[in-house]
1. Once phi is turned into ³J(HN,Hα) by the Karplus curve 6.51 cos²θ - 1.76 cosθ + 1.60 with θ = phi - 60°, what whole-Hz value does each residue of the range 23-35 show in order, with x for glycine and proline?
2. Given R₀ = 35 Å, FRET efficiency for D91-E161 by Cβ-Cβ distance, to 0.05?
3. How high is the relative contact order of the chain, in percent, counting Cα pairs under 8 Å that sit 6 or more residues apart?
4. In straight Cα distance, which lysines are under 23 Å from K164, not counting same-chain residues fewer than 8 positions off?
5. Under the Karplus relation 6.51 cos²θ - 1.76 cosθ + 1.60, θ = phi - 60°, what is the ordered set of whole-Hz ³J(HN,Hα) values for the range 232-243, x standing for Gly and Pro?
6. Rounding to the nearest 20 debye, state how big the charge dipole of the chain is about its Cα centre with +1 on each Lys and Arg Cβ and -1 on each Asp and Glu Cβ.
7. Under a no-solvent Debye model with one identical scatterer per Cα of the range 109-252, what's log10 I(q)/I(0) at q = 0.09, 0.10, 0.17, 0.20 Å⁻¹?
8. Using only Cα atoms, locate the centre of the range 108-138 and the centre of the range 148-214, then give the distance between them in Å, rounded to an integer.
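The values are calculated or read from the model by the stated rules, or taken from the named source; none is laboratory data. Predicted model, so just to flag it, every value in this text is computed and none were measured. Every residue, glycine as well, gets a Cβ built from its backbone with ideal geometry; the counts of neighbours run over all protein chains shown. Ligands, DNA and RNA are stripped out before the accessible areas are found, and what is left, the full protein with its side chains, is counted by its heavy atoms. Shrake-Rupley method; radii C 1.70, N 1.55, O 1.52, S 1.80 Å.
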Amino acid sequence: MVQNFREPQILEIARTEGKVKVEDLARRFDVTVQTIRRDLSDLAEAGKLERVHGGAVLPSGVSNIGYEDRRGLNSDAKSGIARLCAQCIPDDASLFLNIGTSTEAVARELLHHKNLLVVTNNINVANILVANSACQIMLSGGMLRRSDGGLTGDLTTRTIEQFKVDFAVIGCSAVDEDGDLLDFDVQEVGVSKTIIRQARTTFLVADHSKFTRSAPARIASLADVGAVFSDAPLPGDLVQKCADWGTEVHIA
């Protein structure tokens, strides 16, 4: 297989899994690890991937991956994470769900919950939960972001400030080695901070790819959330940090 045919497939694997590993790709394409390293270096020079130890990840940059691409990224992992998270939300609860494909997955897992009050700035979440007749839905209002159905801005923040809920379920674009939750949109970050402040308990839903990416704007720390739900063990010393902070870690 010539290099020109490998590179699109390598990029597709990276978009699906969030990361590619040299040895895995070498076995997949039946070539040497040196050949794969050259492929990854070429893709990195083109700005399509970022090299990391043992492989490469999608570039972090200062803008997020397109919404439809995010929707298909690690979809099975997100479903498992969402199912586990939803099990920790009882009937007769009030909660926030913010913008993102991971929180949309949680909404789908809440379709059979009873007597919920959901406040959201995510039109997609509202449309999913319409199918649950035992769920009261409050949309925050605000400026509509057509790319992903998110509502942001001062009106969104002021609406959220009118509520004090049992749970907040939030996503983010990245989690760094210090345990900081990061995102790309400063207005969205402001809304997420308000959501955390107005919830008694905050759950973070983040698949493993979020721990290999970066973003420029800080939302909060894992120390500020009650539990994190992911599909793989947290990297580095984040497990110990979460234990020190009293943040529960649930692996789907």
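1. Result, ordered by residue: 5, 4, 5, 4, 5, 4, 9, 6, 10, 6, 5, 5, 5 Hz.
2. Computed FRET efficiency for D91 and E161: 0.85.
3. Rounded, it is 16 percent for the chain.
4. Counting by Cα, and skipping residues close in sequence, K164 has these lysines nearby: K114, K193.
5. 8, x, 5, x, x, 9, 5, 4, 5, 4, 4, 4
6. 320
7. -0.28, -0.34, -1.00, -1.30
8. Cα centroid to Cα centroid, the span is 18 Å.
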